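All of the numbers you see were taken from the coordinates with simple rules; none came from a lab. All values derive from a computational prediction rather than experimental measurement. Every residue, glycine as well, gets a Cβ built from its backbone with ideal geometry; the counts of neighbours run over all protein chains shown.
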Amino acid sequence: MAQSSGLRAQGKTRIAQGSGLRAQGKARIAQSSGLRLRAKPYLHLFVIRYKDRDKLQKYLNENDIQTMIHYPIPPHKQKAYPEWSGRKYEITEDIHRQVISLPVSPSYANDEAASVVDRINLFSI
């Protein structure tokens, strides 16, 4: 049971960090840069959507902020679904070209999470 309560505490920390990222960054970056912060944060991912994801990812990596692209291949293009590979799902394909995961971890202090937001706010389009 102690392990279970520890995992719950870590989950709450991650949700709080994700909510903090949304609250700190939404007003400044979402409206001016085309960055979308609609999704609720999950325990292990904080996903944002930006039209020029590769440029943003390069900028963040240059500023020592590690990012990831989870599921870079749209579902209908994956080998598991060969019968769908010839179909076009424009919205799905756009999302897969634009989403990027920001770091969220119980080991991050609140000021570290805030520095991610600050760095994104300094990103020039």
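Descriptive notes on the structure:
- Amide hydrogen neighbours beyond the local backbone of M68, cut-off 5 Å, H modeled: S101
- Inter-label distance for D94 and E112, nm, one decimal - labels placed 7 Å from Cα along Cα-to-Cβ: 3.5
- Burial order of peptide ranges 75-82, 52-59 (average beta-carbon count within 10 Å, highest first): 52-59, 75-82
- Net charge in the neighbourhood of K55 (other residues with Cβ under 15 Å of its Cβ; Lys, Arg +1, Asp, Glu -1) is +3.
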